[in-house]
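Comments concern the structure below.
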Amino acid sequence: MSAIYDRIALIGLGLIAGSMGLAIREHGLANEVVGTARSAETRAVAVDLGLCDRVTETAAEAVKGADLVVLAVPVGVMGAVAEEIGPHLAPGATVTDVGSVKRRVIDAVAPHLPENVHFIPAHPLAGTEHSGPHAGFATLFQNRWCLLVPADGADEAATGRLRALWQAMGANVEMMEPDHHDLVLAVTSHAPHLIAYTMVGVADDLRRVTDSEVIKYSAAGFRDFTRIAASDPTMWRDVFLTNKEATLEILGRFTEELFALQRAIRTGDGQQLFDYFTRTRAIRRGIIEAGQDTDAPDFGRGTKRT
Ligand code: NAP
């Protein structure tokens, strides 16, 4: 495949940027991939693993001469990174991010970018519970969605080029408006993560009572919760702090439904439980039919995909 960008700068070299670096290099999508991360250790690992062609000590250095800059740090630090790189960006460059929340990232990043740069926020809906430079793999984005969230009037050619990059990494690309993105993700990802964190926390409290039987006899439902609840604490703290309204809205609805089911259990309303579970089963079938998961016995979790 021919190069889509001349030089891509990856700011942050963890799971997402590492996977991008590997995919970009494997498919020859850029002539050069430059990377940077906060710690010297991550930068050294990135070179060892070939996540990029070279690393720089600072983000300001990394973006020099790059025609695409990817912000792949926790959402809470996107604004600070944008402030650092703003004065060093090449005229005409595209800046994108991969943050799990869009409105707050846009508000934090946009004010620091010069007018002669295109800002096209993005969010690949792909990940695992692993983080750091060792966690990346080139096929992470295969058959996963990547949502592009360009502002009204964004440059069409720049948007098309970023779309082409994600498609070349195997993703299916769609456009979305930032507030809608944050609400959809609150339902499909953010609230479920909080519920998993809570369930594992409750089980951990119980474990002290049951003398580790919770771990020993851990069944499929709980094991899936523990996998989700092993996700990176920094990333998820930032997601909840920056997608506050939408997450609270969904958790409010969740609590109401939970109370209704709790009541059905207490009053012995089997019909309500049966009807509810029949409806939710259809949703699971829809996800499998849409190719976003597998119905293999272990949900295909032997592979690295989520
Ligand atoms: P990660 O594996 O934890 O990597 C984060 C990277 O950011 C590391 O290279 C880290 O450097 C750097 N970093 C952390 N704090 C920093 C700071 N204060 N200043 C500068 N650099 C800092 O994270 P990830 O999973 O790739 O996530 C990156 C972004 O992608 C996040 O915005 C997240 O919301 C989004 N995202 C994640 C997933 C997922 O499932 N994980 C999916 C889609 C989108 P050091 O290693 O040197 O500390």
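The values are calculated or read from the model by the stated rules, or taken from the named source; none is laboratory data. These figures come from a predicted structure and were not determined experimentally. Cβ sites come from the backbone with ideal geometry, for glycine too, and all protein chains shown count toward neighbours. Just so you know, the surface numbers come from the protein's heavy atoms only, side chains and all, with ligands and any DNA or RNA stripped out. Shrake-Rupley method; radii C 1.70, N 1.55, O 1.52, S 1.80 Å.
Considering each residue of the range 193-207 in turn, none proves to be open to solvent by 60 Å² or more (accessible area, probe 1.4 Å) and within 30 Å of residue 47 (Cα to Cα). Would you call residue 247 crowded, with 17+ Cβ neighbours inside 10 Å, under 17 Å from residue 197 (Cβ atoms), more than 10 Å from the ligand (Cβ to nearest atom) and at pLDDT 95 or above? When the stated conditions are applied, residue 247 passes them.
Answer yes if at least one residue in the range 62-70 is of a type in the set (A, V, I, L, M, F, W, C), within 16 Å of the ligand (Cβ to nearest atom) and in a helix (DSSP H, G or I), and no otherwise. There is at least one residue in the range 62-70 that is of a type in the set (A, V, I, L, M, F, W, C), within 16 Å of the ligand (Cβ to nearest atom) and in a helix (DSSP H, G or I).
Table: residues versus (1) open to solvent by 50 Å² or more (accessible area, probe 1.4 Å); (2) farther than 23 Å from residue 194 by Cα; (3) at pLDDT 95 or above.
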{"position": "263", "(1), (2), (3)": "yes, no, yes"}
{"position": "270", "(1), (2), (3)": "no, yes, yes"}
{"position": "274", "(1), (2), (3)": "yes, yes, yes"}
{"position": "277", "(1), (2), (3)": "yes, no, yes"}
{"position": "284", "(1), (2), (3)": "yes, no, no"}
{"position": "291", "(1), (2), (3)": "no, yes, no"}
{"position": "305", "(1), (2), (3)": "yes, no, no"}
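Quick check: anything in the range 107-130 within 22 Å of residue 67 (Cβ to Cβ) and of a type in the set (Phe, Trp, Tyr)? Yes, there is a match, as at least one residue in the range 107-130 is within 22 Å of residue 67 (Cβ to Cβ) and of a type in the set (Phe, Trp, Tyr).
When 132, 170, 160, 92 are checked against the criterion of being in contact with a Gly (Cβ under 9 Å, 6 or more places away or on another chain) and either crowded, with 20+ Cβ neighbours inside 10 Å or of a type in the set (Gly, Ala, Ser) (or both), a single residue qualifies: 132.
Quick check, is residue 38 farther than 16 Å from residue 141 by Cβ, open to solvent by 20 Å² or more (accessible area, probe 1.4 Å) and either within 23 Å of the chain's Cα centre (by Cα) or touching a residue at least 40 places away in the same chain (Cβ under 8 Å) (or both)? So residue 38 passes the test.
Quick one: in the range 5-35, which of the residues that are of a type in the set (A, V, I, L, M) and surrounded by fewer than 23 Cβ atoms within 10 Å (Cβ to Cβ) is nearest to residue 235 (Cα to Cα)? Among residues in the range 5-35 that are of a type in the set (A, V, I, L, M) and surrounded by fewer than 23 Cβ atoms within 10 Å (Cβ to Cβ), the one nearest to residue 235 (Cα to Cα) is 22.
Residues of the range 111-128 include none that is within 11 Å of the ligand (Cβ to nearest atom), more than 30 Å from residue 289 (Cα to Cα) and within 18 Å of the chain's Cα centre (by Cα).
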